[in-house]
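Working notes, structure below.
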Amino acid sequence: MTTLVFGHKSPDTDSTCSPLIWAWFLAHHEPGAAEARLLGTPNTEAQFVLKRWGVDLPQIIEDVEEGQDVVIVDTNNPAELPPSINKANILSIIDHHKLVGGIETKLPIEITIRPVACTATLMWQLMGGHGGHAPDQIKGLALSAILSDTLEFRSPTTTRIDRQIAEHLAQDLGIDIPSYAAEMFEAKSDVSHLSEAELLRLDSKEYTVDNVDFRISVLETVSPQAILKRKEALMAAMPKVAAEDGAQQVLLFVIDILNEEAHLLVPDQLTKNVAEKSFGATVTGDTVILPGIMSRKKQIIPSLKVA
């Protein structure tokens, strides 16, 4: 049976590249076939990366069959996985997020969760010397994932090992990191063709905070004003997106990569409470700037409070 490797819904660059990296490793170093899958259309940056390195878009799936062999990467949250995930034969989980709970397995499995900024970093550690034998396409995907998740080492999630692996890969590939990262971030920022609902779901995760179900959306960009000029339409779309996705509220953080700050849209009293209680912000309008806030995983999620 072919092992399917996939990350979370609303795939970003890490959840697009890491399944491809690990499927390559499994197919070349362990018995049996392995293939990458995606749980949705990847964001514009991830699409740019695939094209840049000449890699075909993996097949997009909505669910898995009972008994299907799978490897889960870049998440351990059932809310971000196929509906039938607990009926699949989960072989392993490779992740860099906090442990959520709720996944059930038929047998004991290998779970590796480490506090690094990117799943691709963790995979390069797990592969040991095998990573050096990877084709340039796979090395390029790993470099891209690390630069994306660390925001070119600006994110507070960045570790020494993230930077070391990225710099080693860039040297191998003859890539100038600042120039290539700028291309990636420009691609990430090109969201003019997306509807408001698509923007709110583009890079989003589901979390429950103080018994309130949130869809927490993050848009990382070098052109925050291009998104903020659509704030009224975005806020108007939030109730429908929340209702359709089984959430009570959408929180949208527009991350300004270059100025290293976040703009939080504040459409109602609930979001105003979240901003003030979670980040100590003073809210006087329909947006609030949160200086230094760059990471959903390390800064936003752990800080969220409603009451």
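All of the numbers you see were taken from the coordinates with simple rules; none came from a lab. Note that the structure is predicted; figures quoted are calculated from it, not measured. As a convention, Cβ positions derive from the backbone with ideal geometry for all residues, glycine included, and neighbour counts pool all protein chains shown.
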- Out of Ala33, Ala247, Ala46, a Gaussian network model of the chain with alpha-carbon springs under 10 Å gives the largest mean-square fluctuation to Ala33
- Task: Could you tell me what percent of the DSSP beta bridges with both partners in the chain are antiparallel, to the nearest 5?
- Result: 35 percent
- Query: Taking the alpha-carbon set of the range 3-186, what are its Rg and Dmax in Å?
  - Reply: 15.4, 46
- Counting only residues 5 or more apart in sequence or on a different chain, those whose built amide H sits under 5 Å from that of Ile60 are Leu38
- Message: List the pairs from Lys51/Lys87; Lys231/Lys298; Lys106/Lys240 whose alpha-carbon separation is above 28 Å, in the order I gave them.
- Response: Lys51/Lys87; Lys106/Lys240
- Query: For the chain, what does -39500 (n - 2.57) per DSSP helix run (n ≥ 4), summed and divided by total residues, give at 222 nm, in deg cm²/dmol to the nearest 500?
  - Reply: -11500 deg cm²/dmol
- Among the DSSP beta bridges whose two residues both lie in the range 133-270, what percent are antiparallel, rounded to the nearest 5? 55 percent
- Task: Could you work out which residue, out of Phe279, Phe185, Phe253, moves most in a Gaussian network model of the chain, that is, has the largest mean-square fluctuation with Cα springs under 10 Å?
- Result: Phe279
- Task: With springs only between Cα atoms under 10 Å apart, run a GNM on the chain and tell me which of Lys106, Lys205, Lys188 wobbles the most.
- Result: Lys106
- Item | Amide H contacts of Phe214 (H built 1.01 Å from N, under 5 Å, at least 5 apart or other chain) | Tyr207, Thr208, Val209, Gln248
- Query: To the nearest 0.05, what FRET efficiency results for Lys277 and Phe153 with a Förster distance of 22 Å applied to their C-beta separation?
  - Reply: 0.10
- For the range 196-303, what ratio Rg/Rh do Cα atoms give with a Kirkwood hydrodynamic radius? 0.91
- Item | Cα gyration tensor category, rounded, prolate or oblate, for the range 1-106 with a/c compared to 1.5 | oblate
